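What follows is one structure encoded as structure tokens, with my remarks underneath.
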Amino acid sequence: MSVKTITSGELLALRNEGKPVDLIDVRTPVEFREIHAEGARLVPLDRLDPQAVMRGRNDDGAEPLFVICRSGGRAKQACEKFVATGFHNVILVEGGTLAWEKAGGQVVRGKKAISLERQVRIAAGSLVLLGVVLALTIHLWFVFLSAFIGAGLVFAGVTDTCGMGMLLARMPWNQVRDENSTCCSR
């Protein structure tokens, strides 16, 4: 299934022309709080309900829905969910928030946080190291912990779906208690 795309520069030009730009950010609440494109609203990928998002819009679906994340991967997954649900006027913002800011788009900055990608690397690396240390000191069978994590990383790379990332996204330190920052509908 093909996903329509737009560059950050093209999206900024639309905004500057006064065209309506409905922009959703599909990162975690903590990542959104750290930095997001001005005017974007948060709809985390792990809680994305395409039907609910489309019902919550102020139009009949004729206007495009733009989807952004940090660099484009999760936004692409979100766009694919919309298309699979029957909504085809959904457009991926190429390069995500990083490209948006680089193109001169206004961003809102908040409290710094460790990105979900870094959290996955820290957790996976720690578990692999733990498995090796336990295999060398306690019992050889602990090597399977490292093998399990390695297999999970290969699976994540092949499918572009990371179970550890989804689990970490639900951890308390990745949640935002401020109700104003996690608006899933208009």
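Read the figures in this text as sums done on the coordinates, not as results from a lab. What you see is a predicted model; the values in this text were computed from it and never measured. Here Cβ is always computed from backbone atoms with ideal geometry, including for glycine, and neighbour counts include all displayed protein chains.
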Next item on the list: List every residue pair whose Cβ atoms sit under 8 Å apart, with the two residues 6 or more apart in sequence or on different chains, where the first one lies in the range 153-176 and is within 18 Å of SER126 (Cβ to Cβ) and the second, anywhere, is acidic (Asp, Glu) and crowded, with 17+ Cβ neighbours inside 10 Å.
Entry: none
Next item on the list: Collect the residues in the range 13-38 that are in contact with a strand residue (DSSP E or B) (Cβ under 8 Å, 6 or more places away or on another chain), buried (at least 17 other Cβ atoms within 10 Å of the Cβ) and of a type in the set (D, E, K, R), keeping them in residue-number order.
Entry: ASP22, ASP25, ARG27, GLU34
Notebook entry, point to check: Among helices (runs of 4 or more DSSP H) lying entirely in the range 83-186, which contain 1 or more residues that are exposed (fewer than 12 other Cβ atoms within 10 Å of the Cβ) and more than 18 Å from the chain's Cα centre (by Cα)?
Noted result: 96-102, 116-137, 143-159
Next item on the list: Kindly provide the set of residues from the range 45-82 that are in a loop (DSSP other than H, G, I, E, B), surrounded by 17 or more Cβ atoms within 10 Å (Cβ to Cβ) and among the basic types (Lys, Arg), ordered by number.
Entry: ARG70
